[in-house]
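What follows is one structure encoded as structure tokens, with my remarks underneath.
The values are calculated or read from the model by the stated rules, or taken from the named source; none is laboratory data. Computed from a predicted structure; not experimentally measured. No Cβ is skipped: glycine too gets one built from the backbone with ideal geometry, and neighbour counts run over all protein chains shown. The area values use the complete protein model at the heavy-atom level, side chains included, leaving out ligands, DNA and RNA. Shrake-Rupley method; radii C 1.70, N 1.55, O 1.52, S 1.80 Å.
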Amino acid sequence: MKLIATILLGFFLTSCAHKMNPQENYLMGILFTQKAAEHTALTLQAYNIAIERLDRVKKEYRGKKQLAVVLDVDETVLDNSPYQGKLYVQSEAFNYDNWKEWIAQKKAHPVAGALRFTKAAHKKGFKVFYLTNRSEKFKADTIENLRKVGFPQHYNSIFKSKERSKEGRRQSLAQKYHLALLVGDNLTDFSKLYDEQSTERRKEIVLKNHSKDFGKKFIVLPNTMYGDWDKALIDYKKLNESDKRCERTSQLTVF
Ligand SMILES: [Mg+2]
């Protein structure tokens, strides 16, 4: 038994030391987004629930503020999986230049269901905001991409200024509008409680603080390609790819 464990550990350490494509960890995640009909079904499911919530909120809200919905951009309304795919085939890591090159092409397609939802919200009198952590430098190209594919009120886009956390920007909107629905693929799109939290803490907050908010005030989309769920696995550290793989592997739950 001890011998088998030693052999397995030896194999694990050898494979960890292997030089990797920086995107190696993401292959299945990218393919799930691009090819799995289940991914399309999940995003449709999320947006179908979101549409149902619009009428409910309109009926129940007694305040005086204008109603609004707030959506994240990447992997919530725009699908960047072709960019992720290109990084994979070119064995490149994310960097400012390749990200800029992709955004400048303005050819990201809408996530399934997102157009129908935003158009319905707009038609029902909700203000539609796109709250993104894309930099201000990408403002013109991002808005043009949103406009080209038909997103209503694409000009209501709010970009990252100094803070990465979206909380300040959400609070500013909340002063004037009743934020009926928040839509995103990362838990930080919903609450500051998730900002830079560990894997365990993130799950705890989902279960203890927000278990009844999902499908109501929070509409969550799947992102298997990247996100804070992945950063949390490596404790938000900057690691090389093989160390990331080791760190991730060490967190697997096994029987
Ligand atoms: Mg996103």
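General observations
- Any hit, the range 212-222, residues being within 16 Å of the ligand (Cβ to nearest atom), in contact (Cβ under 8 Å) with a residue 60 or more places away in the chain, in a loop (DSSP other than H, G, I, E, B) and within 17 Å of the chain's Cα centre (by Cα): yes
- Here T118 clears all of (1) within 26 Å of Q171 (Cα to Cα); (2) hydroxyl-bearing (S, T, Y); (3) open to solvent by 40 Å² or more (accessible area, probe 1.4 Å) except the condition numbered (3).
- Exactly one residue among H178, H122 is over 13 Å from L71 (Cβ atoms) and away from the ligand (no atom under 15 Å from the Cβ), and that residue is H178.
- The set of residues in the range 90-119 that are at pLDDT below 95 and aliphatic (A, V, I, L, M) contains only A93.
- Condition check for D213: open to solvent by less than 20 Å² (accessible area, probe 1.4 Å) and modelled with pLDDT of 95 or more: no
- Residue list for the range 238-253, filter: surrounded by 10 or more Cβ atoms within 10 Å (Cβ to Cβ), part of a loop (DSSP other than H, G, I, E, B) and not aliphatic (A, V, I, L, M): N240, S250, Q251
- Residue that is least open to solvent (accessible area, probe 1.4 Å) [pool: residues in the range 183-207 that are of a type in the set (K, R) and under 25 Å from R248 (Cβ atoms)]: R202
- Near pairs, Cβ below 6 angstrom, 6+ apart or cross-chain, from the range 228-255 (closer than 23 Å to S191 by Cβ) to any residue that is open to solvent by 50 Å² or more (accessible area, probe 1.4 Å): L233/Q251; I234/E247; Y236/E196
- Condition check for K231: within 14 Å of the ligand (Cβ to nearest atom), open to solvent by 50 Å² or more (accessible area, probe 1.4 Å) and in contact with a strand residue (DSSP E or B) (Cβ under 6 Å, 6 or more places away or on another chain): no
- Residues in the range 171-185 that are in a helix (DSSP H, G or I) and in contact with a Lys or Arg (Cβ under 8 Å, 6 or more places away or on another chain): K176 only.
- Residue count for the range 30-50 under the criterion of being under 15 Å from F218 (Cβ atoms) and of a type in the set (G, A, S): the result is 2.
- Subset of the range 66-83 that is away from the ligand (no atom under 15 Å from the Cβ) and either closer than 16 Å to W102 by Cβ or not small (G, A, S) (or both) - its residue that is farthest from the chain's Cα centre (by Cα): Q66
- Qualifying residue in the range 192-211 (condition: touching a residue at least 40 places away in the same chain (Cβ under 8 Å) and hydroxyl-bearing (S, T, Y)): yes
- Test: residue in the range 123-132 that is open to solvent by 20 Å² or more (accessible area, probe 1.4 Å) and under 25 Å from D228 (Cα atoms): no
- The lone exception for A112 - which of (1) under 15 Å from L181 (Cα atoms); (2) touching a helix residue (DSSP H, G or I) at 6+ places or on another chain (Cβ under 9 Å) it fails: (1)
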